[in-house]
1. Quick check on the chain: helices-only [θ] at 222 nm, where DSSP H runs of length 4 and up contribute -39,500 (n - 2.57) each and the sum goes over total residues. Nearest 500, please.
2. How high is the relative contact order of the stretch 147-265, in percent, with contacts defined as C-alpha pairs under 8 Å that are six or more residues apart?
3. Would you mind checking which residues have amide H under 5 Å from residue 110's amide H? H placed 1.01 Å from N; only 5 or more apart, or other chain.
4. Past 23 Å, Cα to Cα, is the threshold; run 161/197; 206/265; 29/50; 50/206; 197/248; 218/248 against it and keep the listed order.
5. Starting from the Cα-Cα distance between residue 75 and residue 258, subtract it from 0.36 nm times their residue separation and give me the gain in nm to one decimal.
6. By how many degrees, between 0 and 90 and to the nearest 10, does the Cα long axis of helix 194-206 differ from the longest principal axis of the chain?
7. Taking only Cα atoms, what is the 0 to 90° angle, nearest 10, from helix 230-241's long axis to the longest principal axis of the chain?
8. Shape of the stretch 20-84 from its Cα gyration tensor (a ≥ b ≥ c, root eigenvalues): rounded if a/c is under 1.5, otherwise prolate when a/b > b/c, or oblate?
Amino acid sequence: MKFLIMEYQNILSELRDNILYVTINRERKLNALNKATLSELADVFAFAGKSEEVRGVLLTGAGEKAFVAGADISEFSDFGREDGEALARNGQVTVFNAIENCTKPVVAAINGFALGGGLELAMACHMRVAADHAQLGLPEVTLGLIPGYGGTQRLTQLVGKGRALEMITTADMISASRAEQIGLVNYCVPASELLEKAGQILERIKLRAPLAVARAIKAANAALHKDEDGFNVEIREFGESFATLDFKEGTSAFLEKRKPLFVGK
Ligand code: COA
């Protein structure tokens with residue numbers, strides 16, 4: 001079954017077999033993130049989090065050239081200090097952190113350039129698959145800036161400080177295969193297989209207990225938050241899992257040697 005979710009100006013969103021396909025659709029501007037696109041992304045991810053129909057999200061960019069070539073530079077070229085800070089804070093809270101904290105698994109399918117805010121967007125997703133022609137980088141220092149949508153934090157978490165600072169301070173792009181080698185993306189695949197590979201991951205997750213998947217995301221996210229004790233979050237979420245129908249179903253199915261039928265409750 002295929003549904004078109006809300007009509008947007010800058011993104012396409014389609015619900016197919018319980019996977020929400022979100023495509024950033026500003027191909028002529030290499031899918032650069034302007035204010036309107038960010039607001040639509042915030043909206044569609046809020047929908048994804050709430051809807052029981054949505055079991056996972058695949059996020060990609062329109063065309064073959066770019067996933068997202070960054071924040072839209074034309075929108076902030078005359079900004080001052082306060083505007084800059086507000087831009088980063090609003091973006092982080094409403095979009096980037098919201099995606100990371102989404103209770104549905106989010107896979108980025110990186111179909112070309114993932115630069116600046118584009119790589120930050122991919123890093124806010126839970127997993128990443130890149131087409132072999134994709135190039136990834138954080139070029140903000142070439143503009144006299146630093147990454148502002150969580151890039152210094154998430155790149156450091158994903159690849160370690162030395163590699164992160166090399167990418168951030170040289171502003172050099174890396175290939176998709178190098179990104180796979182250093183753990184920045186989960187897989188590097190031929191472009192023709194990109195959406196299939198990203199979709200396959202979500203199809204596997206769809207077989208699992210939805211609430212357990214949501215709790216696993218929450219606990220793994222807690223590993224990266226200094227103000228939370230991730231081990232305690234894991235203990236709590238583990239305990240909560242025992243109170244679900246899906247726990248009863250999963251363990252009964254195992255003992256009865258049959259496939260579980262999860263209901264997300
Ligand atoms: N913000 C706004 N517009 C952008 C953009 C961005 N981040 N990235 C690309 N575009 C626009 C270009 O201005 C151009 O628009 P135009 O046709 O109206 O002039 C269009 O997208 C195509 O880009 P172009 O630069 O002509 O393509 P290219 O193949 O020559 O170069 C890139 C591709 C990705 C190397 C180059 O576009 C680039 O360096 N983009 C900016 C990357 C960046 O610094 N991102 C971090 C921002 S914080």
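1. -12500 deg cm²/dmol
2. Values: 79 pairs, mean separation 19.5, N = 119.
Result for the stretch 147-265 is 16 percent.
3. Under 5 Å from the amide H of residue 110 lie the amide H atoms of 129, 130, 131, each far enough along the sequence or on another chain.
4. Listed pairs above 23 Å: 161/197; 29/50; 197/248.
5. 60.3 nm
6. 30
7. Computed tilt is about 40 degrees.
8. Judged from the Cα gyration tensor, the stretch 20-84 comes out oblate (a/c at least 1.5, b/c at or above a/b).
Taken together, the values in this text are just the output of simple stated rules run on the coordinates, not laboratory data. Keep in mind it's a predicted model, so treat the numbers as computed, not measured. Neighbour counts run over all protein chains shown; Cβ positions are idealised from the backbone, glycine included.
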